[in-house]
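Structure record follows, encoded as structure tokens.
The values are calculated or read from the model by the stated rules, or taken from the named source; none is laboratory data. Predicted model only: the values in this text are computed from it and were never measured. In this analysis, Cβ positions are derived from the backbone assuming ideal geometry, glycine residues included, and neighbour counts consider all displayed protein chains.
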């Protein structure tokens, strides 16, 4: 008599290794493949760092009433995001955070000084403001590269200051916010984890 082997799907399988959680098992569904695999194990870290980032930005934005420049606020928010996404990267070092934003202020003042050489009819033109913004970003990239203070969000600071002007309130806000973010990075540094 001839025996036919059982199909592989009908035999009980022996699991080796740890059991998967429901979220880990659900990751194999096509809709959930975008979830970071580390999130299932370290969700408290992700949620905690996000909450602290939101709290820090809220504290910084309490003084934002005098600043009506969205590019500057977005640049500071980007600095906060970098510090809490990848706190142990080079871009999150306090020297680069403060140095990058100070370089942006310097670049903006140089570009604004350049604009003073032209008559008001040219300075008021939209294309000229766009040119000033582009020159400020190019100059801040050069200044940050030379001074070894590369911090990408500072390009937004330079753009915002060059295109909207650089009143002392805005400069004070930028420097204060950069110092607050840098101090938070130093104080919380050992507790923060890279999320990327």
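Taking the criterion of being loosely packed, with under 12 Cβ neighbours inside 10 Å and farther than 18 Å from residue 83 by Cβ, the only residue of segment 42-51 that qualifies is 44. The set of residues in segment 162-187 that are part of a helix (DSSP H, G or I), in contact with a helix residue (DSSP H, G or I) (Cβ under 9 Å, 6 or more places away or on another chain) and farther than 25 Å from residue 85 by Cβ comprises 162, 163, 164, 169, 170, 171, 172.
Considering segment 156-171, and only residues there that are within 18 Å of the chain's Cα centre (by Cα) and more than 16 Å from residue 181 (Cβ to Cβ), the residue that is surrounded by the most Cβ atoms within 10 Å (Cβ to Cβ) turns out to be 158. Which of the numbered conditions does residue 51 fail, given that it passes all the others? Conditions: (1) more than 22 Å from residue 155 (Cα to Cα); (2) modelled with pLDDT under 65. It is condition (2) that residue 51 fails.
Only a single item in (1) closer than 30 Å to residue 42 by Cβ; (2) surrounded by 15 or more Cβ atoms within 10 Å (Cβ to Cβ); (3) at pLDDT 95 or above is not met by residue 136, and it is number (1). Among the conditions (1) out of contact with any helix residue (DSSP H, G or I) (no Cβ under 7 Å at 6 or more places or on another chain); (2) part of a helix (DSSP H, G or I); (3) at pLDDT below 65, the only one that residue 23 does not satisfy is (1).
Here is a check on your reading of the model: is residue 115 surrounded by 13 or more Cβ atoms within 10 Å (Cβ to Cβ), in contact with a helix residue (DSSP H, G or I) (Cβ under 8 Å, 6 or more places away or on another chain) and either farther than 13 Å from residue 161 by Cβ or in contact (Cβ under 8 Å) with a residue 60 or more places away in the chain (or both)? Against the criterion (surrounded by 13 or more Cβ atoms within 10 Å (Cβ to Cβ), in contact with a helix residue (DSSP H, G or I) (Cβ under 8 Å, 6 or more places away or on another chain) and either farther than 13 Å from residue 161 by Cβ or in contact (Cβ under 8 Å) with a residue 60 or more places away in the chain (or both)), residue 115 does not qualify.
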